[in-house]
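This report refers to the structure that appears directly beneath it.
The values are calculated or read from the model by the stated rules, or taken from the named source; none is laboratory data. Predicted, not measured: the structure shown is a model, and the values here were computed from it. We place every Cβ from the backbone using ideal geometry, glycine too, and count neighbours over all the protein chains shown.
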Amino acid sequence: MFFTFSCSHEHQKAPKQEKYHKKERKTEIIVDCNYTFEEATTGSKAPDSVLAELKLINVLYYSTDGKMHSGQVLTNRRIANIIQKMFEIMLLEKFPVAHAIPIVKYHWNDNLSMSDNNTYSFCYRNISYSKHACGLAVDINPYFNPVIWKKGYEYRLNKPIGAHYDPAIPGTFSLSNPVVIKFEELGMRWGHNFTRNYDNHHFEK
Ligand SMILES: [Zn+2]
């Protein structure tokens with residue numbers, strides 16, 4: 001998809017006009033998904049009361065290919081504005097997001113989504129401790145930012161399996177990364193600070 005930023009649609013051959021067209025900038029935006037709300041919630045086992053809390057938002061980001069992409073996040077209405085701001089921050093800081101696609105694409109399978117380095121918020125689970133169950137958390141670039149279990153919990157699997165945490169890789173969070181600092185200023189708690197594990201891809205309200 002091409003978006004052309006131009007103030008004129010006239011086709012004059014005046015020198016000034018030609019000069020203007022040379023400066024015209026084309027920005028290519030790759031569309032990663034374009035679901036309706038109904039499509040993005042199809043197959044979810046969540047009760048209607050939970051689905052009523054959700055909102056589907058459109059987001060822009062630089063992906064790992066260096067190009068601008070558009071994706072979507074299905075999230076809780078209460079943090080939709082914050083999620084939008086988080087993406088604006090990542091765009092300004094040129095912090096890449098691999099892609100942001102509602103988890104319906106992965107048949108509501110969190111492991112498939114994580115292995116694909118996908119960013120998402122809502123995934124209903126019939127458990128109370130996960131804030132993803134009501135869309136009050138977001139996982140960003142999970143393959144670059146795996147969950148790492150702390151001492152005493154090593155028997156649990158780090159996820160996604162095979163992922164390697166290296167803060168030097170663009171799209172990876174660290175304590176000194178300006179993106180993390182700005183997210184925390186928005187009131188989002190980083191999973192890196194959890195007691196039992198470093199949930200490096202996870203931010204929640
Ligand atoms: Zn999470």
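Here is a yes/no grid of residues against (1) modelled with pLDDT under 95; (2) out of contact with any Pro (no Cβ under 6 Å at 6 or more places or on another chain):
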residue: H21; (1), (2): yes, yes
residue: N34; (1), (2): no, yes
residue: P47; (1), (2): yes, yes
residue: L60; (1), (2): no, yes
residue: T64; (1), (2): no, no
residue: V73; (1), (2): no, yes
residue: R77; (1), (2): no, yes
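Among what's in region 178-205 and is surrounded by fewer than 15 Cβ atoms within 10 Å (Cβ to Cβ) and of a type outside the set (A, V, I, L, M), pick the residue that is farthest from the ligand (Cβ to nearest atom). Only one residue tops the list, namely P178. When residues in region 110-133 are screened for being touching a helix residue (DSSP H, G or I) at 6+ places or on another chain (Cβ under 9 Å), more than 12 Å from the ligand (Cβ to nearest atom) and at pLDDT below 95, 3 of them pass. Identify the residue in region 62-104 that is of a type in the set (A, V, I, L, M, F, W, C) and part of a loop (DSSP other than H, G, I, E, B) and, among all such residues, is surrounded by the most Cβ atoms within 10 Å (Cβ to Cβ). In this case the residue turns out to be V97. Give just the number: which of (1) over 18 Å from H202 (Cα atoms); (2) part of a helix (DSSP H, G or I); (3) touching a Phe, Trp or Tyr at 6+ places or on another chain (Cβ under 7 Å); (4) not hydrophobic (A, V, I, L, M, F, W, C) does S113 not satisfy? The single condition S113 does not satisfy is (1). In region 35-47, the residues that are under 11 Å from A133 (Cα atoms) form Cβ pairs under 8 Å with partners that are among the aromatic types (F, W, Y) and assigned to a loop (DSSP other than H, G, I, E, B), at six or more places apart or across chains, as follows: S44/W108; S44/Y124; K45/W108; K45/Y124; A46/Y124. Listed by first and then second residue, the pairs linking a residue in region 192-205 that is closer than 20 Å to F122 by Cβ to a residue that is charged (D, E, K, R) and part of a strand (DSSP E or B), with Cβ atoms under 9 Å apart and 6 or more places separating them unless they lie on different chains, are D199/D139; H201/D139; H202/D139; H202/R189; F203/D139; F203/R189; E204/R189; K205/R189. For region 41-69, the tally of residues that are hydrophobic (A, V, I, L, M, F, W, C) and more than 15 Å from the chain's Cα centre (by Cα) stands at 5. Restricting attention to region 143-168, the residues being within 12 Å of the ligand (Cβ to nearest atom) and of a type in the set (F, W, Y) number 0. Of all residues in region 140-157, those that are part of a strand (DSSP E or B) have Cβ atoms under 6 Å from Cβ atoms of residues that are among the polar types (S, T, N, Q), 6 or more apart or on another chain, in V147/N158; V147/N197; I148/N158; W149/N197.
When each of I101, I140 is tested for being within 14 Å of the ligand (Cβ to nearest atom), touching a Phe, Trp or Tyr at 6+ places or on another chain (Cβ under 8 Å) and at pLDDT 95 or above, the lone residue that passes is I140.
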